[in-house]
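This report concerns only the one structure given below.
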Amino acid sequence: MKLLILALVVGAGSTLRADVIDDYIKGHMQADHVPGLSLAVVKDGKVVRAQGYGLSNLELGTPVKPETVFRIASMSKQFCSAVILMLRDEGKIDLDASVSTYIPEAPASWSGVKIRNLLSHTSGIPNHSEVKQFDFFRQYNEKQYLALLSPLPLDSNPGDKYHYSNTGYSLLGLIAGRITKKPLGDLVQERIFGPLQMASSSYFKLESVVPNRANGYRWADDRFENAWPTRPAAVDGSGAVLSNVLDLAKWDAALYTDSPLSKAQKERLWTPNKLNDGTPINYGYGWTVRTGADGKSVSHSGNTPGFTSNILRLVDLKLTVILLRNSDPPGADKMALDIAKLYQGMTNPTKN
């Protein structure tokens, strides 16, 4: 069923609020050198504002629309973790099992790393982006990717420290594929994108033709340049999804129901984890989890060459802000939070 899309919230006060949001977004886009941006505000699972700003392609002058497809980078982790929990409840994976159970050729140093450590960024396995030999422009196969990582010592003992690691989610994607004999992208399509009719969502392949796709840019030497879009398929679990704000709003709406994820599965995704010494961390499984003045929030940002993104779900207020940009300066998470505040009429955020 198509979600109802309202470009503006009805009412004089809401129109004023929309104007403030427009001014805020345009100001930040200019200051941060962002060519295009797509925004959705979702209340109680229904889209109350969906709007594009700027251009999706500078060469063609194509405007951004709510249908415009962006790379969402690390926002993808929530789909990987969702699939892992589904497999767990089907008895196909044990979160307390060693990574070596599913990757027998893993180095001995990984024997104490549990699946739940990968999910919570507490494995101690170095982030592949920090490995000098790692090349984002090379299409590693699974064997080559593991061989690159295997000689490296752990950064810390499993469970001792929180260290955000794309490697952990890349390994989760590979493990899900080994268990099911299907690529992670196919699993997410079958279990999430398909059932929710997220027809514009897919996993990145350089050669794929994707309708309505935005081009990614970087700002360098006082001008925009095309950002390199390549990404090895071996690291799909950490951030390979392409989507638009309308599809992500369908995902947000589904998270208020018990399908495709059960209440128990969502509670596990959104429960902050603890280190071995009992210290809490602000991360569940594929989601950052915090409690503040607005109650509980779950969120995740994304950053890859040419793109930044953020989804912020204020759970107690049932208010969600989804923000996708086709340039890669940091700040999408702050923008989402500021827009949520503006939408509530709480405060005027300070501009960068």
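The values are calculated or read from the model by the stated rules, or taken from the named source; none is laboratory data. Treat the numbers as computed from the prediction; the structure is a model and nothing was measured. Heads up, the Cβs are rebuilt from the backbone with ideal geometry, glycines too, and the neighbour counts pull from every protein chain shown. Accessible surface areas use protein heavy atoms only, side chains included; no ligands, DNA or RNA. Shrake-Rupley method; radii C 1.70, N 1.55, O 1.52, S 1.80 Å.
When the residues of region 272-301 are filtered to those that are in contact (Cβ under 8 Å) with a residue 12 or more places away in the chain and of a type in the set (S, T, N, Q), which remaining residue is surrounded by the fewest Cβ atoms within 10 Å (Cβ to Cβ)? Checked region 272-301; the qualifying residue surrounded by the fewest Cβ atoms within 10 Å (Cβ to Cβ) is N276.
For the structure I just gave you, tell me whether L242 is farther than 15 Å from L55 by Cα and open to solvent by less than 10 Å² (accessible area, probe 1.4 Å). It would help to see each step written out before you state the result.
Working: farther than 15 Å from L55 by Cα: yes; open to solvent by less than 10 Å² (accessible area, probe 1.4 Å): yes.
When the stated conditions are applied, L242 passes them.
If you go through region 80-95 one residue at a time, do you hit one that is among the β-branched types (V, I, T), surrounded by 19 or more Cβ atoms within 10 Å (Cβ to Cβ), at pLDDT 95 or above and closer than 17 Å to M198 by Cβ? Spell out the reasoning first.
Filtering region 80-95 down to residues among the β-branched types (V, I, T) leaves 83-84, 93.
Next cut, surrounded by 19 or more Cβ atoms within 10 Å (Cβ to Cβ) only: 83-84, 93.
Those left that are additionally at pLDDT 95 or above: 83-84, 93.
Subsequent filtering for residues that are closer than 17 Å to M198 by Cβ retains 83.
The answer is yes, given that some residue of region 80-95 is among the β-branched types (V, I, T), surrounded by 19 or more Cβ atoms within 10 Å (Cβ to Cβ), at pLDDT 95 or above and closer than 17 Å to M198 by Cβ.
Residues that are of a type in the set (S, T, N, Q), open to solvent by less than 40 Å² (accessible area, probe 1.4 Å) and either more than 29 Å from A227 (Cβ to Cβ) or part of a helix (DSSP H, G or I) (or both) within region 151-172 comprise S156, N166, T167, S170, listed in sequence order.
Cβ-Cβ contacts under 7 Å between residues 6 or more apart (or on different chains), taken from a first residue in region 71-85 that is within 13 Å of S120 (Cβ to Cβ) to a second residue that is surrounded by fewer than 24 Cβ atoms within 10 Å (Cβ to Cβ) and among the charged types (D, E, K, R), are listed as L85/R268. Evaluated against (1) open to solvent by 40 Å² or more (accessible area, probe 1.4 Å); (2) in contact with a helix residue (DSSP H, G or I) (Cβ under 9 Å, 6 or more places away or on another chain); (3) assigned to a helix (DSSP H, G or I); (4) not basic (K, R), V188 falls short on exactly one condition, (1). Would you pick out the residues in region 99-150 that are among the small types (G, A, S) and part of a loop (DSSP other than H, G, I, E, B)? If the condition is that a residue be among the small types (G, A, S) and part of a loop (DSSP other than H, G, I, E, B), then A106, S111, G112, S120, S123, G124, S150 are the ones that fit.
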